[in-house]
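What follows is one structure encoded as C-alpha cells, with my remarks underneath.
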Amino acid sequence: MDKQIVGQKVILRQQIDGDADFFVRWYNNKNIMEKCGFTQKTTKEEIIASFHKQSSDGDWYTVVDKETGRVIGETGLLRMFPKWATTDLTIIIPNPEDYGKGYGTETINLMFDLAFTKLNFNRIAIGVVGFNHSALSFYKKVGFKQEGIQEQGYFYDGEFSDFIMMRLLKSEYLAK
C-alpha cells in the first residue's frame, strides 16, 4: 500500500480495485444515493475507473475496520486549494450496522489531523443534504459549524431540498 493512516479502530488506506464490490452495492442503494448526492446508479467498472483517475486536487481513502479488515466506507479531501489553505471533506460509512461504533468519529478526526497538521490547511468545508439529519448532527458533534444554506440546491428523485454548507477552522480544531 502506498498510503495508510492507522487509528485505534480504523485504517484509512489507498483505494484498490477489490474495494469496488463494496461500493457498488452501497452506492446503488436508493437510501444511500439520496443522502450522499449520487444522482444515478453506478457500475463496478465505473467505480474502479474512478479509483484510477482521481484528480490531483484530492486525497481519497478506503475506511477499513482495523480488527476485521472489512471495508466500511470511504473518506477523502477534495477540491484541495493549498494557496488558500482550504479543502473540502467527504466521508461515507453507508452500512447502518456500522453506525454508533465510533468508526465515523475516528475517521473524521484522522482526516482533520491530516488536513490541519500534516497538510497545513486552515479550513475544511463539507456540504450536507438538508434532510440528512443524522449527518448534520454528526458534523456538528465533531466541530463543524453551519455557515450557509443553498436553498433548493439539491435535486433528487423529482424533489428539491436545501443543501447545508458547513465548515471547521484550524483554530477551532486546535482549541478542542
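Here, each number is a calculation from the coordinates, and none is a lab measurement. From a predicted model like this one, the values you see are computed outputs, not experimental measurements. Methodologically, a virtual Cβ is constructed for each residue, glycine included, from the backbone with ideal geometry; neighbour enumeration extends over all protein chains shown.
Summary table below
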{"item": "More than 28 angstrom apart: percent of Cα pairs within the chain", "result": "20 percent"}
{"item": "Convex hull projection area averaged over all views, segment 42-102, Cα basis, nm²", "result": "5.6 nm²"}
{"item": "Relative contact order of segment 4-125, defined on C-alpha pairs under 8 angstrom at six or more residues apart (%)", "result": "25 percent"}
{"item": "Helix-derived mean residue ellipticity, 222 nm - over the chain, DSSP H n ≥ 4, -39500 (n - 2.57), to 500", "result": "-8000 deg cm²/dmol"}
{"item": "Segment 4-125, dipole about Cα centre (Lys/Arg Cβ +1, Asp/Glu Cβ -1), debye to the nearest 20", "result": "220 debye"}
{"item": "Two-site label geometry, residue 118 and residue 65: point separation in nm, points 7 Å out along Cα→Cβ", "result": "2.4 nm"}
